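Derivation of every value follows stated rules applied to the coordinates shown; laboratory data play no part. As the structure is a prediction and not an experimental result, all values here were calculated from the model. Cβ placement follows ideal geometry from the backbone for every residue including glycine, while neighbour counts extend to all protein chains displayed.
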Amino acid sequence: MTADLVIEAEGLVKTFGKTRALQGVDLAVPRGTVLGVLGPNGAGKTTAVRILSTLLTPDAGSARISGFDVVRDAERVRQSIGLTGQYASVDEDLTGRQNLELFGTLLELGRTGARRRAAELLDWFDLTDAANRPAKTYSGGMRRRLDLAASLVGSPDVIFLDEPTTGLDPAKREDMWDVVRSLVGNGSTVLLTTQYLEEADALADAITVIDHGRVIAHDTPEGLKRVVGGQTLEVRPSDPAHLPRTAEILTQVGSGAPADEIRKGVLAVPVTDDAALTESVARFATAGIAVTELSLHLPSLDEVFFTLTGRTASEDDTTRPTEVAA
Amino acid sequence: MSTLIDAPPTRSRGLSNSVPNPRPFRLVRHSLALAKRSLIKTWRTPEALIDVTLQPVLFLIIFVYVFGGAVAGSTHDYLQFLLPGILAQTIATGAIAIGVNLNTDIAKGIFDRFRSLPIPRSAPLVGAVLGDVVRYVIVTVSTLAIGYVMGFRIDTDPFRAIAGCLLAVLFALCLSWLPVLVSMKVRTAGAVQGVMFALIMPLSFASNVFVGADTLPGWMQAFVDVNPMTHLVASVRGLFLGTPLGNHVWWTLAWCAGFVAVFMPLALRAYRKKI
């Protein structure tokens, strides 16, 4: 065991009937870092998280959290982890405060301790005003925050976030990212599953890409982006007559490849860094070109998969169950 | 969300990486904390109490006034006879709800979180079972209350009457491990309800709940004689009205012990295996 690795897994295999959810997955997360596990529905992300959080036992392979085996020392593992599932798993009939106090009691914080910890977390997650309302009255974003708060009641060293932002709108997603960043800033180790390269890029120190229960890539976000291509700048000039001139400017600010019309009236060019955005804005202003859309994109999961495997992630969704570990 | 950029609040827990040294009676304390959760859920959804409030009222009114004259010659005599039976029947059907609720809860994922906590794995189930005691107390109170309004009177003394009520509550508490087991084995909440009704209905009708067993054909009498519901009803009748108790209380207690001894381990095992 490397002293530094908080989460280690070797050769995890798990089969459900005929579905081979995991076919030998290795994972390694050093202390105080974030691992992004990127993959489409049905890739085996949730199964891996469920094994690491002691909810499932692997058919083969082994995993350790802080050095404790997830099967043999499951009880010890449970004392140092926090789990936030894909679906907000708080009790809807209980208030936010009651939910958190329940977990505090179960984690042996004592009556006063549970109360104090619940109040701290409600405050920190901006839920104090809603603390005494049943969770079923919460908005989607509030539920996710409460769900995450519930997994932090015991101040766990290791936090599993299974698609924490799926279904949230972009603003709420960025709020969630801030939360994750501050958890890590506080020394926690986080394993995060996601379907968005953008999310993994924003949060993770390293990214493991899995597909069909196998690891198909493991790299830093920068390394992965070098492989799959970096960001794309997309522009829609207000006046289609400006398309040729816009294309010229884009090609100049881009990383070398000529601008391409990807949709009717929308031009795109690969760029190397964020500065290309500001530079293009300045040049459009100088040239007197008004634009209605201007955005910077990372490759989508589909594009990542196409680059890594030669086919898109969604291609085989029709031939296999999307939810292997419901 | 402006506060979110601060570091999260932490506290030294001293739990992680230290040797687990749980305080005693973990199962009891954790189960009680989770029973409190079921209680809160019950108060929040009063409409879920219809089976334990309205049903005994409707059954008593309908059976007493429709069948009373024909079966017992007078509605008052029939009310005296029937009330212990209705109490037993509604308390037994009241135990079905726990299976339905557990099935729904597990589908929602909150049990995943319980299972990822360092608590005894059986605590969420034991807690849910204990939390439902309040429902059985409500059945007892509402049955006796409507019975009193209709003219039912206890012929014994308060101690025996309370013993009768406690026996009925204990019966439901022990029987509820069966719906818990069923809820782990079938896919939907509706299926739990269907299976449980199919099991409970013969128990409550092929018994002494509605009529004395002496007029029944011999083969059915044989079933009635061993039916746990029969023993419960005979016990409650004896404790409320002073009719001969025989060994019925002991048989009822034996059935209760049997339910727990068989269904609780099976339910816990099914729960551990359920993904």
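A Gaussian network model of chain B, with springs between Cα atoms under 10 Å, assigns the largest mean-square fluctuation among B:Ile138, B:Ile98, B:Ile119 to B:Ile119.
With each label modelled as a point 7 angstrom along the Cα→C-beta vector, the A:Arg116-B:Phe67 pair spans 6.1 nm.
For A:Ile159, nonlocal amide neighbours, meaning residues 5 or more places apart or on other chains whose placed amide H falls under 5 Å from its own, are A:Gly82, A:Thr189, A:Val190, A:Leu191. Residue order for B:Leu83, B:Leu199, B:Leu232, fewest other beta carbons within 10 angstrom first, comes to B:Leu199, B:Leu83, B:Leu232. For the pair A:Ala285 and B:Arg269, label points projected 7 Å from Cα toward Cβ lie 7.5 nm apart.
Between B:Arg153 and A:Val13, take the C-beta separation as r, use R0 = 51 Å, and let me know the FRET efficiency to the nearest 0.05.
Using R0 = 51 Å, I get an efficiency of 0.15.
Taking all Cα pairs closer than 8 Å and separated by 6 or more residues, the relative contact order of the range A:231-297 comes to 49 percent. First check a/c for the range A:1-44, with a ≥ b ≥ c the square roots of the eigenvalues of its C-alpha gyration tensor; if it is under 1.5, answer rounded, and if not, answer prolate when a/b is larger than b/c or oblate otherwise. Verdict is oblate for the range A:1-44. Can you give the angle from 0 to 90° between the axis of helix B:75-94 and the longest principal axis of chain B, with both taken from C-alpha atoms, to the nearest 10? Computed tilt is about 20 degrees. Sorted ascending by nearby beta carbons within 10 Å, beginning with the fewest, B:His231, A:His212 become A:His212, B:His231. Here's how it looks for A:Val215: its modeled amide H is under 5 Å from those of A:Asp26, which are all 5 or more places away or on a different chain.
A Förster radius of 25 Å combined with the Cβ-Cβ distance from A:Asn186 to A:Glu75 puts the calculated FRET efficiency at roughly 0.50. Straightening the chain between A:Ser300 and A:Ser255 buys 14.3 nm, computed as 0.36 nm per residue apart minus the Cα-Cα spacing.
In the range B:157-262, what trypsin sites (Lys or Arg not before Pro) fall in a loop by DSSP, with at most 10 other Cβ atoms inside 10 Å?
Taking the range B:157-262 and a limit of 10 other Cβ atoms within 10 Å, the loop trypsin sites (Lys or Arg not before Pro) found are B:Arg187.
Across chain B, the mean sequence separation of Cα contacts (distance under 8 Å, 6 or more residues apart), normalised by length, yields a relative contact order of 24 percent. Spin-label model, A:Ser238 to A:Thr292: label points 7 Å out along the Cα-to-beta-carbon direction sit 1.0 nm apart.
The fewest-to-most ranking of B:Ser38, B:Ser176 by surrounding Cβ atoms within 10 Å reads B:Ser38, B:Ser176. Taking the longest Cα principal axis of chain B as reference, the axis of helix B:133-150 is set at about 30 degrees.
Given R0 = 25 Å, the distance between the Cβ atoms of A:Asp123 and A:Asp4 translates into a calculated FRET efficiency of 0.15. Taking every DSSP bridge with both residues inside the protein assembly as shown, close to 65 percent are antiparallel.
Axis angle, to the nearest 10 degrees, between helix B:26-44 and the longest C-alpha principal axis of chain B: 70 degrees. In a Gaussian network model over chain A where Cα atoms closer than 10 Å are linked, find which of A:Val281, A:Val190, A:Val228 has the largest mean-square fluctuation. Highest fluctuation among the options: A:Val281.
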